[in-house]
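Please read the structure below before turning to the comments.
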């Protein structure tokens, strides 16, 4: 699978602290539970079959370097708020980085029983900036249940807001359409997604097997600023020759998954 870094943002996994901070610094607007519906309308317009979702938050809590023991306890409290079961702990400590991560699963109904969930707290001493402690929350579910996506987004939003700071939440739906969709077919489907949410295409990356387009739609959802442009939606399609289908991802403000 190939990962595209859109608009110069280097967002990888929940362990990518500096990438997440780049994202955090440019996200604007209040957290909104309108985001799942916004993403769903765009995704459904591509006529893709949903196979899962991700909800991801990055929150800067404060500018202090915190002991690992404290991070473990605080992250565990947030994990209980998210409803984690079968919890496992990962810890890391060196002179400049303290990390505590609880991982487990959460149920969002009969069709989304085992949503992979993680709560990570990282405290860092930075060379040219104040110390920083961040909270990273993530749900990743394999399901076709759109209601589970909305429920996960709402629960994660509530937990992030209780933590204080300013939550930076992304929601992404993913799935596929049959066959290997060429460049023109991908462009047509993405255009339909943008029409469904009254969005304007702003920046695109087109390769032989992958198309990714960022834009701005008419919805009261968080957005980021890229140059002088506002972005609150990204749609991507990638041909998968192994499965002989084409992956479809729709995220707001952007996609935070590899594809």
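Laboratory data are not the source of any read-out in this text; all were calculated from the coordinates shown. Here the structure is a predicted model, which means the values were calculated and not measured. Please note: Cβ atoms are built from the backbone with ideal geometry, for glycine as well, and neighbour counts cover all protein chains shown.
Relative contact order of the chain: what whole-number percent is it, with Cα pairs under 8 angstrom and at least 6 residues apart? Numbers along the way, then the final one.
Details: 616 pairs, mean separation 66.4, N = 259.
It comes to 26 percent, rounded to a whole number.
Quick check for you: which residues of the range 39-69 have the amide N under 11 Å from the point 7 Å beyond the Cα of residue 125 toward its beta carbon?
From the range 39-69, the list is 65-66.
For the chain, just the Cα set please: Rg and Dmax, both in angstrom.
Just the Cα atoms of the chain yield Rg and Dmax of 18.0, 54 Å.
If I model a spin label at residue 51 and residue 34 as a point 7 Å from the Cα along the Cα→Cβ vector, what separation in nanometres do I get?
My value for the distance between the label points is 3.2 nm.
Need one number: the % of Cα-Cα pairs in the range 111-161 sitting beyond the 12 Å mark.
It works out to 70 percent of all Cα pairs.
Could you rank the peptides 151-158, 236-243 by their average count of other C-beta atoms within 10 Å per residue, with the highest value first? Could you put the intermediate results ahead of the total?
Values: 151-158: 20.5, 236-243: 17.0.
The peptides rank, most packed first, as 151-158, 236-243.
With a 10 Å radius around each residue's Cβ, average the other Cβ atoms per peptide and rank 108-118, 200-210, 40-50, highest first. Intermediate results must be reported in sequence, preceding the final value.
On the way: 108-118: 17.8, 200-210: 14.1, 40-50: 20.0.
Most protected by this proxy first, the peptides run 40-50, 108-118, 200-210.
Got a sec? How would 69, 168 order by Cβ neighbour count within 10 Å, fewest to most?
Working: 69 12, 168 25.
Least crowded to most crowded, the residues run 69, 168.
On C-alpha positions alone, give me the angle between the axis of helix 68-82 and the longest principal axis of the chain, in degrees, nearest 10.
50
So what is the 222 nm mean residue ellipticity for the chain from helices alone, if each DSSP H run of at least 4 adds -39500 (n - 2.57) and you divide by all residues, rounding to the nearest 500 deg cm²/dmol?
About -8500 deg cm²/dmol.
What is the mean projected area of the alpha carbon convex hull for the range 102-250, to one decimal in square nanometres?
On the way: hull surface 46.9 nm².
If you wrap the Cα atoms of the range 102-250 in a convex hull and average its projections, you get 11.7 nm².
The range 146-231: percent of C-alpha pairs farther apart than 18 Å?
Result for the distance tail: 58 percent.
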